[in-house]
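Have a look at the structure below, then the notes.
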Amino acid sequence: MDKVVSLTKRRGFMFQSSEIYGGLNGFWDYGPLGVELKRNVKECWWRDMVTSHDELATAAGAPMPYEMTGLDSTIIMHPQIWKCSGHYDLFHDFMVDCRESKKRYRHDQVSGRWVEARGQRFFVATQLGGTEGEEEAQQRALKFLNLRAKDAASLAWDGPLVSLTTVAEFSQVLGPDAKALGTLTPPREFNLMFKTYVGALSGEEGAAFLRPETAQGIFVNFKNVVDSSRVRIPFGIAQIGKSFRNEITPRNFTFRSREFEQMEIEFFCHPQSSPQWYQYWRDRRYRWYTDLGLAGERLRMREHHTDELSHYSCGTADIEYAFPFLPPGEFGELEGIAHRGDFDLRSHSEGKLVRQGNDLVVELGPDGKPRHPGSGRDLSYFDDFTRERFVPHVIEPSAGADRGTLAFLCEAYREDSVPDEKGEPRARVYLKFHPRLAPIKAAVFPLVKKDGMPEIAVDIYRALKPHFNVFYDEKGAVGRRYARQDEVGTPFCITIDSQTLADQTVTFRDRDTLKQWRVRVDDCVEEVRRRLTGN
Ligand code: GAP
């Protein structure tokens, strides 16, 4: 992971936000190449899910044809939306503070081990997992007891690393950054929504939230979309946009940040066919990642156990990736696909719902009225073919654009050895991006800065530029120029050489195979197009 992080910084993929002021934890900026990569991820998603979807045909694995449409809703919405959705009451994590180090931790992200030595039994907490966590626990226990490494055998460990959530009382806990026992506060609830104030009212009257997900903007526009377009159920509404969560411990680069982008679909269907649609979307979304190059053992689909399901969900699966910053065998979530039933549309109509046995009922306050009243608008759907009125069920594939971008970057990172100009092996770092994701699609080089080669190269560059993001470079040895393009994942390099002057052909070079072939100058645009699209 360190190598990926250093490459992304060195070549301008990502920077820490506000870096010159010391940075702001949990916020990341995308540099010149990163912005292209992330835009390509979002554009592939939008194109594959929305604009190129064929609503006349039945997609492989789908129960029937369906329509897709898009939306762009606001980040700040009516505060009642978050009350009815459950975010106001339920969207929190538990945190613990350390009175000594003044650090704050997410309760469920701290683990540790019980140890007995020198007549005392205490819990050594760490934020690391696996063998790294065990090693850190050992070093800290030795330091706490003023022992040396050679005394490690005198520590009697009681069981493996376990979560801090298994520890009832913290007086015997050595916090992750503390020198004394008992410095952690009891866990406290912490709502993850960022609060802000709308207009000149600074009191609770003007209070609003930055959205923690884009999904609610879709639910509250369901009726607008149905009434204003000709979509019929089954159909999906897609949205890409920023979401904000005041994560207690943002970490692992962009994986858990406080400002991030989501790519969400809310798919509305008849309750009876919803289990088949859930299956369809799980498979369709998994295939999207494999089609773009996330394949093999590092990608998996994990169905949630019933006790893990959200309060509204009848089924959820996560698409997960084995990010290199995780301990071996651990996976991180890229996307969740949830069967949400009719929870959301009913909540925004009737008021916040709670589960009572098998039913969802409106939660009542002490006065017997809905605790968080809904809009009162009828969000049911009338099917004028079957003459049936029903509240649609929702399948929600919810992906993170930043996590997807990070996974594509990690997967693309490769090291190998290639012959240099003298045929000697030279270590190479390259990014094996799918051509659709590559920030730069082709680079154009004149072999030397004379004999009319730069002029031909500039003409080719200008012919390509209206169609693709291409790069022109005439500086330095051609081997160095190839290496710089490999390092940022450019699939093709086009070199204008002495043969070009004789027969009007150029050299194309493939990033992955290093194969070279000749193409007529006039055919360059078509050749790049054909190679990028695979047709
Ligand atoms: N509407 C459902 C929803 O928001 P979620 O699992 O909380 O579900 C969906 O979020 C996706 O958003 C996640 O799979 C992840 O890719 C991304 N995501 C969530 N929190 C994130 C964070 N703090 N930083 C980066 N991405 C995040």
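The values are calculated or read from the model by the stated rules, or taken from the named source; none is laboratory data. Remember, it's a predicted structure, so these values are computed and weren't measured experimentally. Every residue, glycine as well, gets a Cβ built from its backbone with ideal geometry; the counts of neighbours run over all protein chains shown. Side chains included, ligands, DNA and RNA excluded: accessible areas come from the protein's heavy atoms. Shrake-Rupley method; radii C 1.70, N 1.55, O 1.52, S 1.80 Å.
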Can you give me the number of residues within segment 481-535 that are β-branched (Val, Ile, Thr) and part of a strand (DSSP E or B)? 7
Residue hits (segment 196-209; closer than 30 Å to Ala401 by Cα and either exposed (fewer than 10 other Cβ atoms within 10 Å of the Cβ) or within 16 Å of the ligand (Cβ to nearest atom) (or both)) are Phe209
Of (1) in a strand (DSSP E or B); (2) out of contact with any Asp or Glu (no Cβ under 7 Å at 6 or more places or on another chain), Ile81 satisfies all except one. Which? (1)
What tally of residues in segment 328-345 results from selecting those that are open to solvent by 40 Å² or more (accessible area, probe 1.4 Å) and either within 14 Å of the ligand (Cβ to nearest atom) or of a type outside the set (D, E, K, R) (or both)? 4
With the condition kept exactly as written, say whether any residue in segment 391-400 is open to solvent by 30 Å² or more (accessible area, probe 1.4 Å), closer than 30 Å to Tyr280 by Cβ and away from the ligand (no atom under 16 Å from the Cβ). yes
Out of curiosity, is Ala317 under 22 Å from Ile265 (Cα atoms) and either at pLDDT 95 or above or open to solvent by less than 30 Å² (accessible area, probe 1.4 Å) (or both)? yes
Among the residues of segment 334-390, which ones are without any contact (Cβ under 8 Å) to a residue 40 or more places away in the chain, touching a helix residue (DSSP H, G or I) at 6+ places or on another chain (Cβ under 8 Å) and part of a strand (DSSP E or B)? Val362, Pro370
Segment 1-14 - residue that is surrounded by 14 or more Cβ atoms within 10 Å (Cβ to Cβ) and free of Cβ contacts under 8 Å to residues at least 24 places away in the same chain and, of those, nearest to Gln239 (Cα to Cα): Gly12
Sole residue being surrounded by 18 or more Cβ atoms within 10 Å (Cβ to Cβ) and within 30 Å of Ser52 (Cα to Cα), chosen from Pro250, Pro176, Pro212, Pro187: Pro212
Working only within segment 215-234, note down all residues that are surrounded by 21 or more Cβ atoms within 10 Å (Cβ to Cβ) and in contact with a Phe, Trp or Tyr (Cβ under 9 Å, 6 or more places away or on another chain). Gln216, Phe222, Pro234
Being farther than 20 Å from Pro327 by Cα and exposed (fewer than 13 other Cβ atoms within 10 Å of the Cβ) is the filter here, so list the residues in segment 114-142 that pass it. Arg118, Gly119, Gln120, Arg121
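Per-residue answers, yes or no, for (1) within 16 Å of the ligand (Cβ to nearest atom); (2) of a type in the set (Val, Ile, Thr); (3) in contact (Cβ under 8 Å) with a residue 12 or more places away in the chain:
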residue	(1), (2), (3)
Gln16	yes, no, yes
Glu36	no, no, yes
Thr51	no, yes, no
Asp54	no, no, no
Trp82	yes, no, yes
Which residues, counting only those in segment 258-300, are within 13 Å of the ligand (Cβ to nearest atom) and open to solvent by 40 Å² or more (accessible area, probe 1.4 Å)? Arg258, Glu259
Show the residue pairs that are 6+ apart or on different chains and have beta-carbon atoms under 9 Å apart, the first residue being within segment 272-293 and farther than 14 Å from Cys44 by Cβ, the second being open to solvent by 40 Å² or more (accessible area, probe 1.4 Å) and at pLDDT below 95. Ser274/Cys314; Pro275/Cys314; Tyr278/Cys314; Arg282/Glu303
What do you reckon, is Ala463 among the hydrophobic types (A, V, I, L, M, F, W, C), within 22 Å of Leu37 (Cβ to Cβ) and in contact with a helix residue (DSSP H, G or I) (Cβ under 6 Å, 6 or more places away or on another chain)? no
Mind checking which residues of segment 228-246 are among the β-branched types (Val, Ile, Thr) and within 14 Å of the ligand (Cβ to nearest atom)? Ile237, Ile240
State whether one or more residues within segment 410-431 are within 16 Å of the ligand (Cβ to nearest atom), of a type outside the set (Val, Ile, Thr) and either over 30 Å from Phe235 (Cβ atoms) or surrounded by fewer than 19 Cβ atoms within 10 Å (Cβ to Cβ) (or both). yes
Tabulated pairs, segment 401-414, first over 13 Å from Ser257 (Cα atoms), second assigned to a helix (DSSP H, G or I) and open to solvent by 30 Å² or more (accessible area, probe 1.4 Å), C-beta under 7 angstrom, 6+ apart or interchain: Glu411/Arg298; Tyr413/Lys3
Please specify each residue of segment 487-500 satisfying the condition of being over 17 Å from Lys432 (Cα atoms) and surrounded by 18 or more Cβ atoms within 10 Å (Cβ to Cβ). Ile494, Thr495, Ile496, Asp497, Thr500
Which of the following residues is open to solvent by 30 Å² or more (accessible area, probe 1.4 Å), under 29 Å from the mean Cα position of the chain (by Cα) and farther than 20 Å from Leu33 by Cα: Arg436, Arg484, Arg518, Arg529? Arg529
So Lys223 clears everything in (1) within 13 Å of the ligand (Cβ to nearest atom); (2) in a helix (DSSP H, G or I); (3) basic (Lys, Arg) except one condition, right? Which one? (1)
Are there any pairs with C-beta distances below 6 angstrom linking a residue in segment 244-267 that is over 16 Å from Glu213 (Cα atoms) and touching a residue at least 24 places away in the same chain (Cβ under 8 Å) to a residue that is open to solvent by 30 Å² or more (accessible area, probe 1.4 Å) and of a type in the set (A, V, I, L, M), with the two at least 6 apart or on different chains, and if so which? none
